[in-house]
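The values are calculated or read from the model by the stated rules, or taken from the named source; none is laboratory data. The shown structure was predicted, so the numbers you read here are calculated from the model rather than taken from an experiment. Here the Cβ is made from the backbone with ideal geometry for all residues, glycine too, and neighbour counts use every protein chain on show.
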Amino acid sequence: MGRTSAIAAPHGAFDVVFVFQTRAFIAALNEDPITPGPAIRVSFYGEADSTVPNESSFLEGAENESFPGVEHSGANGLLEAEAVYLEVRRVLGYAVP
């Protein structure tokens, strides 16, 4: 079995720790098919993000959701903005095509 690695991404109330198996697990993620079947792609981005340019957040063929006044991080960032939270909940309710 591969080594276990941890990456911590502190985001205030949304502290997230991703733990994943390395080597075989990561290699398998990179193999075809890229997705396990039909998928709906959605991109969320804040129009006030000064870290990631809005142009790079727009994904062709995806449902692109922009949020005026929402920043990259912090109290008014994507992970904290209530409008973003509500949209994520809406999108999670989509039926897979």
Result of the Cβ filter at 6 Å on segment 63-84, keeping first residues that are assigned by TED's automatic domain parsing to the domain that holds Y45 and partners that are in a strand (DSSP E or B) and among the β-branched types (V, I, T), at least 6 apart or interchain, is E63/V42
Mind checking whether some residue in segment 55-76 is in a strand (DSSP E or B), touching a His at 6+ places or on another chain (Cβ under 8 Å) and modelled with pLDDT of 85 or more?
no
